Amino acid sequence: MSRTGCVAFDLGAESGRAILAVLEGDRLEIAEVHRFANLPQLLPSGLHWSLVELWGNLIEGLRRAGRAAEERGVSLVSVGVDTWGVDFGLVGKSGQLLGLPFAYRDARNIPAMKRTIRRLTAKTIYDATGIQFMQFNTLFQLVAQHAAEPGVLKQSKRMLMLPDLLHYFLSGKMVNEATIASTTQMIDPRNGKWAVKMIRKAGVPTHMLVKTTPAGSVIGKLSRPIAQEAGVSADIKVIVPGSHDTASAVAAVPVDEATSEPWAYLSSGTWSLMGAELDKPIVSEATHKAAFTNEGGVGGKIRFLKNIAGLWLVQECRRDFARRGQEFTYQQLMDMAAQAEPFRTLVDPNHGPFATPGDMPAKITAFAKATNQPAPTTPGQFVRCCLESLSMAYRHTLATLDGLLGRKTRVLHIVGGGGQNLLLNQMTADATGIRVIVGPFEATAIGNALAQGIGSKQVRDLAHLRAIVRASFNPITYEPVNARASAAQAERFEGLMGK
C-alpha cells in the first residue's frame, strides 16, 4: 500500500462521525464511514453521556474505516478524536473511570457557577483565565461535583476531558490536550498552564491536573486489544488533533494569511462560535464586559471568540415538533422559514432558559410575550425567528469583535455543518454587510485529520495545513443582497439582548 490515511473521529453534542481521510501530496480526500447518534441520558444523578454506547461506536467506526481503507489500498497510520468542550471524566489510581461523565447541560451547574462567582468574584476568575462565563464551564462542573460527592475528586488520579478520555481508551496513555483544556476556564491563556491558585480558591483539588500536550502530538499507538477488536493494525498511532472541535474547525479555515483581508470566523453548528485568530490573548476589562473568550488553537494560536447559542434553537424546535406528532426534515423547516414573514419575532439566542433542553417553542413564545412581540404560531415562523435572531447576534458580535481589535473585518469565513443552511448563510451576509465565504462543511474533521498529519510529519505547519484545505475544497461565497433590512432591525435586536 503506497497511500496513507487516518481516522478522524468528530463527535458533536447531537451526533458523531468516523471520517476516513487520505492525503496525497497537497490534496485531501475524506469519506464518512460511520455516523451515529450521541445524546445525553437523564439518570437519577443527573444528565450523563452514554459513554459505553459512544465507545462502542468508536470501535465500530474504526472497524469500518479499516475496511474502507483496505478497499481503497490505503494504509492507516493514525487516529484522533475531537469533541465539544468542557465535559470530562475522572480516572482513579487503578485506571478505572470513576462514574459516567456528566453532560454540560446538567442543571447542577447553574447554582455552582453562582456560588463560585460569589466566592471568588467574576473579575478574579476572568483575569486568571480570560474565558467567557458559561454555566457549564468545567470549573463550575467540578465545583458542583465536589459539593455533591467530594470523595470522587479526592480519589481521582487524573481529570481527562472527553476526547482525552477516548484517547486514553484507544492508547492506554493519559494526556490533557491543550485546546480542549483551554475550554475549562481553568487555564491561563498567557502561558498555557493551569491557573492553580485560582482553582484552589474555588475549592477544587488540583492534584489531578498535569501539563498540557499540544495538538499534533503523538501520544502512543493503539492498544493491542483495541486493534484486535477493530480488526486494524496495532501500529496505528494515536495523535491528538485540536481535540476541541472548534479548534480543529478553525484550523481548517481556508485563509491565506499572506494575501488575506482582515477576516473572522464563524464555526457554525449546535453552537455558533465567532471570533478572530490571534497570536496572543487579550484579557482586559473590555473583553470581560463583552464576554469574549481566549481559547487555545492549533499551532499555538489563540481563538479569541464568543459563544452564541447556534442551531441548538432550531434543533430543539424540531424535537418539540416531533414530540407533538409533526415530523419535519431540516430542509422542510428551512423551506417553511423562507416563506415566513421577515423579522416578525426576534429573540436573544443567549437568553438563559434557551440553554436547557425541552419546550423551546414555549420558551420562545414566553420571550416574545415578555418583550411585547407577536409570538410565532407556525413551524416556519418559529424557525425563521431562530435564524434571523442568530444572524442579528452575529452582526452584534462581529461589531463588538472589531471594536475590541480596533479594525474592520472584511471577510467572514463560515465553517462546519451549519454552513449547509443556505438560508442562514444569506441572512448572515445581509446582517453583517460583508462577504461571507462558506466551507468546508466538514472543517472539523478536516482540521482533525490534518493536525494528525502534523504529528505524522506529512503536514509542516498551520499555513501548510490551510494550503491543503484550499487545494482540496471549493468554498461558496455569499454577498449581501438586503443589508438595509437587517440594519433597520439592529436597534430593535440590541434592545432585546439580556432580557
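A few points about this structure:
- Test: residue in region 338-349 that is buried (at least 19 other Cβ atoms within 10 Å of the Cβ), at pLDDT 95 or above and of a type in the set (V, I, T): yes
- For first residues located in region 427-445 and closer than 9 Å to A483 by Cα and of a type in the set (D, E, K, R), partners that are part of a loop (DSSP other than H, G, I, E, B) and at pLDDT 95 or above and lie 6+ apart or on another chain with Cβ distances below 6 Å form the pairs D430/P480.
- Pick from region 429-483, criterion in a helix (DSSP H, G or I) and of a type in the set (V, I, T), ranking: surrounded by the most Cβ atoms within 10 Å (Cβ to Cβ): T444
- Of the residues I226, I282, I199, I219, the single one that is more than 28 Å from A471 (Cα to Cα) and either assigned to a strand (DSSP E or B) or modelled with pLDDT under 95 (or both) is I219.
- M134 vs. criteria among the aliphatic types (A, V, I, L, M), surrounded by 18 or more Cβ atoms within 10 Å (Cβ to Cβ), in a loop (DSSP other than H, G, I, E, B) and in contact with a strand residue (DSSP E or B) (Cβ under 7 Å, 6 or more places away or on another chain): yes
- Residue in region 143-159 that is in contact with a helix residue (DSSP H, G or I) (Cβ under 9 Å, 6 or more places away or on another chain) and within 30 Å of G231 (Cβ to Cβ) present: yes
- Which listed residue is buried (at least 20 other Cβ atoms within 10 Å of the Cβ) and in contact with a Cys (Cβ under 7 Å, 6 or more places away or on another chain), from L76, L11, L28, L62: L76
- Filter pass, L39 being within 24 Å of N307 (Cβ to Cβ) and surrounded by fewer than 23 Cβ atoms within 10 Å (Cβ to Cβ): yes
- In region 351-366, the qualifying residues are those that are outside any helix (DSSP H, G or I) and in contact (Cβ under 8 Å) with a residue 60 or more places away in the chain, and the one that is farthest from L47 (Cα to Cα) is H351.
- Only one of the listed residues (A178, A215, A227) is surrounded by 24 or more Cβ atoms within 10 Å (Cβ to Cβ), assigned by TED's automatic domain parsing to the domain that holds L139 and out of contact with any helix residue (DSSP H, G or I) (no Cβ under 8 Å at 6 or more places or on another chain). That residue is A178.
- Residue within region 329-350 that is assigned to a loop (DSSP other than H, G, I, E, B), of a type in the set (D, E, K, R), under 21 Å from R492 (Cβ atoms) and touching a Ser or Thr at 6+ places or on another chain (Cβ under 8 Å) present: yes
- Checking A399 against (1) buried (at least 22 other Cβ atoms within 10 Å of the Cβ); (2) without any contact (Cβ under 8 Å) to a residue 60 or more places away in the chain; (3) among the hydrophobic types (A, V, I, L, M, F, W, C), the condition it does not meet: (1)
- Subset of region 105-133 (residues that are over 20 Å from the mean Cα position of the chain (by Cα) and acidic (D, E)): D127
- Considering only residues in region 188-197 that are farther than 26 Å from K237 by Cβ and out of contact with any Leu (no Cβ under 7 Å at 6 or more places or on another chain), the one that is surrounded by the fewest Cβ atoms within 10 Å (Cβ to Cβ) turns out to be N191.
- Subset of region 347-386 that is touching a helix residue (DSSP H, G or I) at 6+ places or on another chain (Cβ under 7 Å) and aromatic (F, W, Y) - its residue that is nearest to R324 (Cα to Cα): F382
- Within region 30-76, the set of residues being within 20 Å of D235 (Cα to Cα), in contact with a helix residue (DSSP H, G or I) (Cβ under 6 Å, 6 or more places away or on another chain) and among the β-branched types (V, I, T) comprises I59 only.
- For region 119-165, a residue qualifies if it is farther than 19 Å from A178 by Cβ and touching a Phe, Trp or Tyr at 6+ places or on another chain (Cβ under 6 Å), and exactly one does: F136.
- Highlighted here are the strands (runs of 3 or more DSSP E) found entirely within region 1-119 that include at least 2 residues which are free of Cβ contacts under 8 Å to residues at least 24 places away in the same chain: 15-24, 27-37, 41-43.
- Matching entry among V152, V238 (being under 22 Å from P101 (Cβ atoms), assigned by TED's automatic domain parsing to the domain that holds V91, assigned to a strand (DSSP E or B) and of a type in the set (V, I, T)): V238
The values are calculated or read from the model by the stated rules, or taken from the named source; none is laboratory data. It should be emphasised that the depicted structure is a prediction, and the values quoted were computed from it without experimental measurement. All Cβ positions, even for glycine, are placed from backbone atoms using ideal geometry, and neighbour counts span all protein chains on display.
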